[in-house]
Every structure is written in structure tokens, then in C-alpha cells.
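Participant: Below is the structure I would like to discuss, written out as C-alpha cells.
The values are calculated or read from the model by the stated rules, or taken from the named source; none is laboratory data. Bear in mind that the values here come from a model prediction, so they are computed numbers and not experimental data. Cβ: placed from backbone, ideal geometry, glycine included. Neighbour counts: every protein chain shown.
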Ligand SMILES: [Fe+2]
């Protein structure tokens with residue numbers, strides 16, 4: 001009897017140790033935990049976003065059927081990688097939760113990797129530990145020492161069906177062919193046409209799943225993602241489920257819709273324009289403090305409904321936010337919503353600024369199927385509509401910010417270099 005009690009106690013301790021091992025975020029590098037036993041990989045949509053520090057953190061989001069309620073990510077620096085069965089593979093458990101918006105219930109998995117090495121390429125894959133493993137992807141952390149880098153902006157890719165979202169994939173592919181070393185994609189909103197339709201989110205991420213396996217996307221929420229934007233309860237649930245982004249405190253905006261990060265010589269803040277004027281002012285106050293904390297030479301903002309557009313005149317956003325942009329010394333604002341290409345004169349205090357001062361506002365036309373004709377406004381240095389998809393490439397160096405606006409026929413429609 002005594003022996004049996006000792007044996008039961010021993011088994012209990014083993015069980016407790018096993019449970020504790022599974023619950024920690026990063027398992028020891030030498031773990032033999034059988035993470036992925038599936039014999040074949042599956043191409044699934046895995047979205048990766050920067051954490052608060054792009055040098056050391058990366059967040060991953062994917063979804064599965066509701067029956068799969070666990071998720072893991074396996075990763076390793078590329079220069080040390082031999083295979084996923086190697087003893088140097090690191091493992092992180094995802095936070096997994098059920099989401100039931102739209103067509104049935106599904107499980108959302110979010111895994112945050114921390115303590116990564118700066119300036120390092122990693123290989124990774126995700127899975128559930130039994131019968132699902134993704135294809136292999138790569139990601140690169142930002143370098144500690146700032147270097148020149150390029151990022152790409154695409155906007156307003158919204159569509160109704162797979163044909164529409166194939167156009168968005170084409171735009172991204174052309175952009176990545178032109179700028180294969182782009183460090184991230186900045187999407188300035190209206191990713192989908194109806195943010196409540198989970199099928200459209202599946203088309204949005206599904207169309208570019210091979211590209212997004214190897215490319216971080218940093219999004220700004222658009223009015224089509226926030227269905228009830230003028231109501232008291234903006235619904236950005238599917239947006240929130242689709243990404244894993246840092247949360248700025250005190251703005252009143254939903255977590256993951258206002259955030260910022262450093263990359264190279266730039267500090268980049270993303271704002272949520274789909275809320276009340278009061279909330280916009282709270283975001284403005286947050287932005288001012290956020291930019292004051294940064295010593296980066298270039299200060300960039302991305303948002304959806306731009307203060308200075310064309311077809312639309314978002315006076316409410318202009319009135320609420322531009323005083324903060326003036327005060328914070330924002331160099332460049334990247335906008336969406338207008339479905340044509342606009343570059344403003346440098347603007348300060350709602351007027352054309354004197355040379356070398358002010359903020360330049362750019363609207364990147366559309367990366368999808370919908371275009372609007374241009375509309376002349378007093379603030380426009382350039383307003384054009386080639387009726388084909390466009391993207392903007394921003395190359396950040398210590399003393400220069402080079403902005404190039406291409407269409408998918410590789411025509412350079414506009415270019416400007418800002419100097420410090
Ligand atoms: Fe919009």
C-alpha cells in the first residue's frame with residue numbers, strides 16, 4: 001500500500017512537471033517535445049507583425065478549425081538551422097482562443113517571440129503538435145545599428161471575390177519584384193470591403209499567403225474594417241483577430257489599432273481614424289508624447305482617412321490631428337481611403353509651409369480594383385489617376401527620405417526626396 005502511494009505520488013510529480021513544461025512560453029532548446037508529427041506541410045495563412053521592438057520581437061497569427069485548440073511555433077536562426085528535428089529548435093506556445101464572428105467558430109492562434117537576436121534571419125513554421133504543420137517561412141529582425149532600408153505601402157485592396165483579391169496579390173508581387181529587400185509592408189486600410197465578412201478576410205490573407213510567410217505586414221484600420229465607426233461601439237473584431245499588434249495606452253482606440261515602432265532611422269506611428277473627434281485628439285496627444293520619446297531623425301505616421309486627400313475631404317480628421325502633426329514635427333503621413341494618388345505640398349498650420357518645413361501627405365491610390373477620379377484641392381502638389389494599381393516605396397536613410405510611387409506597369413508616377 002505504502003509502495004502504491006509512493007508510486008502514485010511519483011506519477012503525480014511527473015504529470016505536474018509535464019504540465020509546467022508545456023505551459024511556459026519558450027521551451028529549452030534541447031526539448032524533445034514532439035511538436036509536429038505531421039508528415040506533410042500545409043500551406044496556411046500566417047501573418048507576422050512587429051512587436052514593440054522589431055529588433056527582438058515578432059508576433060505571429062494564424063487560424064485553424066475550432067477542433068484544433070493548441071498552436072506552436074518552431075523557429076531557429078537560419079545560419080544554425082539544419083532541420084526542425086534538430087535540438088537547436090526553439091518552441092513557443094501560442095495563445096489560442098475561439099472566435100465565432102461570421103461563418104462558424106474557428107480558433108485563432110497568436111504566438112509572440114521575444115528575446116530574438118537583432119539583424120538575424122530566422123526560419124520558422126507553425127503547427128498544432130499533431131496533424132498540422134505549415135510550410136517553412138523566414139523573418140528578419142531589425143538591425144541594432146541603423147542602416148538604409150525600404151518599406152512598401154499598399155492601400156485599399158478591398159474586394160468582393162477571389163478575382164478582386166488576386167489583383168491585390170499581383171500588386172504586392174510587382175512591389176516585391178521591384179523592392180525584394182523591402183523590410184515590411186505598410187497597409188493603410190480598407191484591406192477588405194466588408195470587415196464583418198470573415199470570408200473576405202480569408203481571401204485577403206489567402207491570396208498572399210506565400211508572400212506573407214516571409215514579410216511582416218503593419219496595418220492601419222480602415223472604415224471598411226470598422227463597420228460601425230460613427231457608433232458608440234466600433235466593430236473591429238475581425239481586424240483584431242487577424243493581427244497581433246502592440247497596444248498604445250490611453251487613446252480610447254481598440255488595442256492593436258494605434259501603435260508605433262522604430263525601424264532604422266525612422267519612428268513610425270499608426271493611427272486609427274475610424275473613431276470620434278475626441279478619440280482622435282487622444283490619439284494626437286499620445287502621438288505627441290510617443291514622438292517626443294524618439295530620437296530617430298525621421299518621423300512617419302500612417303493612417304487611413306487622410307487629413308489631405310482628393311475625392312474625400314476629411315476635415316474632421318484634419319482639424320483633430322494636424323495640429324499634433326505640426327507640433328510633433330512629423331515629416332511624412334501615408335494615407336489611404338481616396339483611391340487616387342495624391343502628394344501634398346509640405347503643410348503646416350493647414351497651409352503651404354515655407355521651404356524645408358511642414359509635413360508631406362501621400363495617398364497611395366489603390367492596390368485593388370476600385371479607383372476614383374482625381375479632384376483638385378489647394379494642398380495638392382500632385383494629383384493623378386492612372387487607373388491601375390499603385391504602390392509607394394519609402395527608402396529611409398539618415399539624411400534622406402526617398403519616396404517613389406510606382407504603378408503595376410512599373411511606371412514611376414511620382415518621386416520626391418525629403419532632406420534633413
Ligand atoms: Fe476608406
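Participant: Filter segment 158-170 for residues that are surrounded by 19 or more Cβ atoms within 10 Å (Cβ to Cβ) and assigned to a loop (DSSP other than H, G, I, E, B); which is nearest to the ligand (Cβ to nearest atom)?
Facilitator: If we take residues in segment 158-170 being surrounded by 19 or more Cβ atoms within 10 Å (Cβ to Cβ) and assigned to a loop (DSSP other than H, G, I, E, B), then 158 is nearest to the ligand (Cβ to nearest atom).
Participant: Going through 342, 333 one at a time, which residue ends up being part of a strand (DSSP E or B), over 22 Å from the mean Cα position of the chain (by Cα) and either within 16 Å of the ligand (Cβ to nearest atom) or in the same structural domain as residue 295 (by TED's automatic domain parsing) (or both)?
Facilitator: Values: 333 fails: over 22 Å from the mean Cα position of the chain (by Cα).
Result: 342 is the single residue among 342, 333 that is part of a strand (DSSP E or B), over 22 Å from the mean Cα position of the chain (by Cα) and either within 16 Å of the ligand (Cβ to nearest atom) or in the same structural domain as residue 295 (by TED's automatic domain parsing) (or both).
Participant: Next question, about the same structure. For segment 208-240, how many residues are at pLDDT below 95 and outside any loop (DSSP other than H, G, I, E, B)?
Facilitator: Residues that pass the stated criteria total 4.
Participant: When both residues are 6+ apart or on different chains and their Cβ atoms are under 8 Å apart, which pairs have a first residue that lies in segment 55-77 and is part of a strand (DSSP E or B), and a second that is surrounded by fewer than 16 Cβ atoms within 10 Å (Cβ to Cβ)?
Facilitator: 76/86; 76/88; 77/117; 77/121
Participant: Could you list, in sequence order, the residues of segment 110-157 that are within 16 Å of the ligand (Cβ to nearest atom) and over 16 Å from the mean Cα position of the chain (by Cα)?
Facilitator: Passing the criteria: none in range.
Participant: In the list 117, 82, which residue meets the criterion of being surrounded by fewer than 19 Cβ atoms within 10 Å (Cβ to Cβ), at pLDDT 95 or above and part of a loop (DSSP other than H, G, I, E, B)? Break it down stepwise before answering.
Facilitator: Details: 82 fails: at pLDDT 95 or above.
The conditions single out 117.
Participant: Do we find a residue being within 16 Å of the ligand (Cβ to nearest atom), touching a residue at least 12 places away in the same chain (Cβ under 8 Å) and crowded, with 18+ Cβ neighbours inside 10 Å anywhere in segment 199-210?
Facilitator: Here is the first cut: in segment 199-210, the residues within 16 Å of the ligand (Cβ to nearest atom) are 200, 204.
So of that shortlist, the ones also touching a residue at least 12 places away in the same chain (Cβ under 8 Å) come out as 200, 204.
Then drop every residue that is not crowded, with 18+ Cβ neighbours inside 10 Å, which leaves 200, 204.
Yes, because at least one residue in segment 199-210 is within 16 Å of the ligand (Cβ to nearest atom), touching a residue at least 12 places away in the same chain (Cβ under 8 Å) and crowded, with 18+ Cβ neighbours inside 10 Å.
Participant: Still on this model: What's the number of the condition residue 176 fails, among (1) in contact with a helix residue (DSSP H, G or I) (Cβ under 9 Å, 6 or more places away or on another chain); (2) assigned by TED's automatic domain parsing to the domain that holds residue 255; (3) away from the ligand (no atom under 16 Å from the Cβ); (4) under 21 Å from residue 242 (Cα atoms)?
Facilitator: (4)
Participant: Residues in segment 365-416 that are on the phi > 0 side of the Ramachandran plot and surrounded by 19 or more Cβ atoms within 10 Å (Cβ to Cβ): how many? First the steps, then the outcome.
Facilitator: Step one: list which residues in segment 365-416 are on the phi > 0 side of the Ramachandran plot, which gives 365, 387, 410.
Subset that is surrounded by 19 or more Cβ atoms within 10 Å (Cβ to Cβ): 365.
Final tally of qualifying residues: 1.
Participant: I've got another one for you. Of all residues in segment 121-157, count the ones that are farther than 22 Å from residue 204 by Cβ and assigned to a loop (DSSP other than H, G, I, E, B).
Facilitator: Count: 13.
Participant: Filter segment 192-207 down to the residues that are at pLDDT below 95 and not in a helix (DSSP H, G or I) and list them by number.
Facilitator: Within segment 192-207, 193, 194, 195, 196, 197 qualify.
Participant: Let me ask another. May I ask you to list the residues in segment 183-216 that are over 15 Å from the mean Cα position of the chain (by Cα) and under 16 Å from residue 236 (Cα atoms)?
Facilitator: 193, 194, 195, 196, 197, 198, 199, 200, 202
Participant: Are any residues in segment 354-371 assigned to a loop (DSSP other than H, G, I, E, B) and modelled with pLDDT of 95 or more, and if so, which ones? Write out each step before concluding.
Facilitator: Pass one, segment 354-371, residues assigned to a loop (DSSP other than H, G, I, E, B): 354-358, 365-371.
Across segment 354-371, the qualifying residues are 358, 365, 366, 367, 368, 369, 370, 371.
Participant: Now for a different question. Residues of segment 317-330 being away from the ligand (no atom under 14 Å from the Cβ) and either outside the structural domain of residue 222 (by TED's automatic domain parsing) or over 21 Å from residue 417 (Cβ atoms) (or both), which ones? Talk me through it step by step, then tell me what you get.
Facilitator: First, pick out the residues of segment 317-330 that are away from the ligand (no atom under 14 Å from the Cβ): 318-330.
Selection gives 318, 319, 320, 321, 322, 323, 324, 326, 327, 328.
Participant: Which of the residues spanning segment 211-222 are more than 17 Å from residue 394 (Cβ to Cβ) and within 16 Å of the ligand (Cβ to nearest atom)?
Facilitator: Passing the criteria: 221, 222.
Participant: Now for a separate question. Count, please, the residues in segment 297-316 that happen to be within 16 Å of the ligand (Cβ to nearest atom) and under 20 Å from the mean Cα position of the chain (by Cα). Give the derivation first.
Facilitator: So in segment 297-316, the residues within 16 Å of the ligand (Cβ to nearest atom) come out as 302-316.
Okay, now just the ones that are also under 20 Å from the mean Cα position of the chain (by Cα), so 302-306.
Adding up the residues that qualify gives 5.
Participant: Of (1) within 16 Å of the ligand (Cβ to nearest atom); (2) at pLDDT 95 or above; (3) assigned to a loop (DSSP other than H, G, I, E, B), residue 294 satisfies all except one. Which?
Facilitator: In the conditions (1) within 16 Å of the ligand (Cβ to nearest atom); (2) at pLDDT 95 or above; (3) assigned to a loop (DSSP other than H, G, I, E, B), residue 294 misses (1) alone.
Participant: Okay, moving on. Within segment 179-191, which residues are touching a helix residue (DSSP H, G or I) at 6+ places or on another chain (Cβ under 8 Å) and assigned to a strand (DSSP E or B)?
Facilitator: Scanning segment 179-191 gives a single hit, 185.
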